[in-house]
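First comes the structure, then the notes that go with it.
Please treat every number below as a calculation from the coordinates, not as lab data. Please read these numbers as outputs of a predicted model, since none were measured by experiment. Cβ placement follows ideal geometry from the backbone for every residue including glycine, while neighbour counts extend to all protein chains displayed.
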Amino acid sequence: MRAIFGALVIAAAAMPAVAQEIVSEYTDLVPDRHCSTFAMADDGEGDWASMVCAGYRGYPVIIHYGDLRESIFYGFPPDGDLAPAWESFGGFNSTGDRVEWRIERDGGRETPFATIHRWFVEDGAADGSKVEVLVVEKVGQIQGREGCAIAYVVASGNADANAKARRIADTQARDFACGDQPVIDAGSVPVPEFTRSEN
């Protein structure tokens, strides 16, 4: 029996370890196609709506829209609180129709831990041009349920912005404490004013 057990131990030790890896997957986010509205303004109540959308393999995306601005939560929000905080820019803004998910794969398990999403923010320019910002977000998990913006990487006038956003996501998203100061990475164009207010 000891010989058999020893052989099993040796065989297990000889098996190659499955290394963790971090990969990107992409999902489309077009509200008319991928979202359901669960709350919206009645007549005379202004212009606002809240939607739940399909994200990555069961991880939802929740969009809150109001006054030509968006606030988005990626993943599972706190129990009973679909809008734990309003995070957006001061200027009118909108988001791109594709979300990049940073995913840790460990054998048969995978955990989407961060998203990178391109925002378009009006900055008051006379020609109507917009500043593009890659917002890096911590994804709310089934256990923990904490998600928020961890970094703002200006894509306009900032070389290698995508690589910078991925590097920040991979090194900081999992341990980031929501409410702390997000990372700012701007090139020749300053990051637009952003806000976070607890609901």
* Tell me the trypsin sites (Lys or Arg not before Pro) within the range 30-89 that lie in a loop according to DSSP and have at most 13 other beta-carbon atoms within 10 Å. => R57
* Evaluate Rg over Rh across the range 19-198, taking Cα atoms for both radii and Kirkwood's formula for Rh. => 0.96
* Structure fact -> Cysteines of the chain without any disulfide-compatible partner (other Cys Cβ under 4.7 Å) are none
* How many angstrom lie between the C-alpha centres of the range 39-81 and the range 179-199? -> 21
* Structure fact -> In the range 18-71, the GluC sites (Glu not before Pro) that sit in a DSSP loop and have at most 15 other Cβ atoms within 10 Å of their own Cβ are E45
* Spin-label zone in the range 135-159 - amide nitrogen under 20 Å from a point set 7 Å from the Cα of E25 along the C-beta vector -> 136-148
* Structure fact -> Among A41, A155, A165, the residue with the largest mean-square fluctuation in a Gaussian network model of the chain built from Cα contacts under 10 Å is A41
